[in-house]
Amino acid sequence: MYPLAALDLLEYQGKQLFAGHGVPVPEGRVADTVEAAVEAAEEIGYPCVIKAQVQIGGRGKAGGIKVAQDRAEAEEHSNAILGMDIRGPRGEGPFTVHQVWVERASDIDAEYYASIILDRSAKKLLTMLSTMGGMNVEEIAETDPDALVRRHVEPHEGFGDAQAVALASDARIAEGAREKTAEMMVKLYNAFNESDATLIEVNPLVVTKDSDVIALDAKVTIDNSALFRHEDLADLEEGFIEDPQERLAKEKGLTYVKLDGDIGILGNGAGLCMSTLDVVAQAGGAPANFLDAGGGSKAEAIIDALEVITSDEKVVAILFNIFGGITRGDEIAKGIIEASQKVDIGVPLVVRLDGTNSEEGLGLLAEAELPNLHLEKTMLGAAEKVVELAKAESG
């Protein structure tokens, strides 16, 4: 996920959004200390569930979801979960747990899977429903493809009671739960549209022993470009940026993603940045970041970008890969020269500059005679050079 593309809500935030649209959810409280979690458990009653709040799946397998039968267990589980690091099923993270959701335990009779997503290829919303809850969608599709029913929402029809009942029937939802499941899907659809979501997933959607249908989990992704319509959601975004480089980049209006390597990457345009990551990896290097300075980068943006990249202590070399279109090569060069005077770069800098005013830019860089600056004519040559320098710096 690139910054400024989407906002993933925590489970409790998703459930609060659901509740605002009439979607039944279990009673719960959010807490950020052990004392607050125990107090919430005492208010809700036992048994209750202590759930880590992180923006990743696989919490249960990582020990981030525990059932407490009494006060002692609520304290024990809260103490263990708060502050723990959780990695995603594909190695994402780690994500540190700063909050827990304390929720009334549900008496479960059946578990379903339900989701609504924006299918960009079809340019329509896609609803999905299955009786195989508790598994991720890939597992359901692999284990029993027919158990996962998919239906696109036709824009001229929308998604109302008729469409929801047909979906629940096709998914072979139990007769006694079919009507309430259909009602739930309509409410989720309304929540999706009214919050400008790109994904809503409930796994599991459960049927209780009392035949109620409730959302036991909530995964919600909001389109960041629509946050100006949702001030309450926009305020959440700041609290999700833990990495200091990502926070600094956001303050400066730069598109930045932290990676695990030691070679800083800057390009102008997302496509060129992605290509640069690939070529550096092909040359045997490991990118430390994705940083897109934008299609019309000025000198000030280059100074900001270098400040962000060099603030990462892991970076031992930096590659600038710039192809001038709207971006002018002389502006890029001025930015690098100014940045060298304002920012302690301290590591080798490889520059590949091509396109609009590139010759003027290369001339300015040559005249400046900056220490540890290396100019390359091709993207592959620049990638090979920065990898060579990075290895030398790492010893």
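Here r is the Cβ-Cβ distance between ASP210 and LEU259 and R0 is 45 Å; the resulting FRET efficiency, rounded to 0.05, is 0.40.
How high is the relative contact order of the range 80-186, in percent, counting Cα pairs under 8 Å that sit 6 or more residues apart?
That works out to 17 percent.
The length gained on full extension between ALA6 and GLU175, counted as 0.36 nm times the residue separation minus their Cα-Cα distance, comes to 57.1 nm.
Calculated mean residue ellipticity at 222 nm for the chain: -11500 deg cm²/dmol, from DSSP H runs with n ≥ 4 weighted as -39500 (n - 2.57), summed, divided by the residue count and rounded to 500. Relative contact order for the chain: what percent, with Cα pairs under 8 Å and sequence separation of 6 or more? Worked out over the chain, it gives 13 percent. The trypsin sites (Lys or Arg not before Pro) of the range 35-130 meeting both criteria, a DSSP state outside H, G, I, E and B (loop) and at most 11 other C-beta atoms within 10 angstrom of the site's C-beta, are LYS61, ARG90, ARG120, LYS123.
Accessible area of the range 14-91 with a 1.4 Å probe: how many percent of it is carbon plus sulfur? Intermediate results must be reported in sequence, preceding the final value.
Working: 1780 of 3820 Å².
Percent of accessible area from carbon and sulfur atoms in the range 14-91: 47.
May I ask you to give the average projected area over all directions of the convex hull of the Cα atoms of the range 93-201, in nm² rounded to one decimal? Walk me through the numbers on the way to the answer.
On the way: hull surface 36.2 nm².
Projected over every direction and averaged, the Cα hull of the range 93-201 covers 9.0 nm².
Rolled with a 1.4 Å probe across the full set of protein chains, the surface gives LEU118 an accessible area near 60 Å². Could you tell me how far the Cα centroid of the range 269-345 sits from the Cα centroid of the range 143-175, in Å? When both Cα centres are located, 47 Å separates them. Taking a point 7 Å out from the Cα of ASP109 in the direction of its Cβ, the residues of the range 131-154 whose backbone N falls within less than 17 Å of it are 131-133.
For the range 97-156, the Kirkwood radius over C-alpha pairs fed into Stokes-Einstein at 20 °C and 1.002 mPa s yields D = 156 µm² per second. Spin-label model, GLU142/GLU393: points 7 Å from Cα along the beta carbon direction are separated by 3.9 nm. For the range 303-365, GluC sites (Glu not before Pro) meeting the loop criterion (DSSP other than H, G, I, E, B) and having at most 10 other Cβ atoms within 10 Å: GLU313.
What number results when the radius of gyration of the range 126-258, computed over Cα atoms, is divided by 2.2 N^0.38 Å? Provide the component values of the computation, followed by the final result.
Details: Rg = 18.0 Å, N = 133, 2.2 N^0.38 = 14.1 Å.
After normalising by residue count via 2.2 N^0.38 Å, the value is 1.27.
At a 1.4 Å probe radius, which order do MET184, MET379 fall into by accessible area, largest first? All intermediate terms of the calculation are to be shown ahead of the outcome.
Working: MET184 5, MET379 50 Å².
Ranked from most to least accessible, the order is MET379, MET184.
Percent antiparallel among DSSP beta bridges with both residues in the range 238-352, to the nearest 5? Spell out each step's value before the answer.
Details: 4 of 15 bridges.
DSSP beta bridges in the range 238-352 are roughly 25 percent antiparallel.
Among DSSP beta bridges lying fully in the chain, give the percent that are antiparallel, nearest 5.
Values: 50 of 68 bridges.
Percent antiparallel among DSSP bridges in the chain is about 75.
The values are calculated or read from the model by the stated rules, or taken from the named source; none is laboratory data. This is a predicted model, so every value here is computed, not measured. Cβ sites come from the backbone with ideal geometry, for glycine too, and all protein chains shown count toward neighbours. Remember, those area values only see protein heavy atoms, side chains included, never the ligands or the DNA or RNA. Shrake-Rupley method; radii C 1.70, N 1.55, O 1.52, S 1.80 Å.
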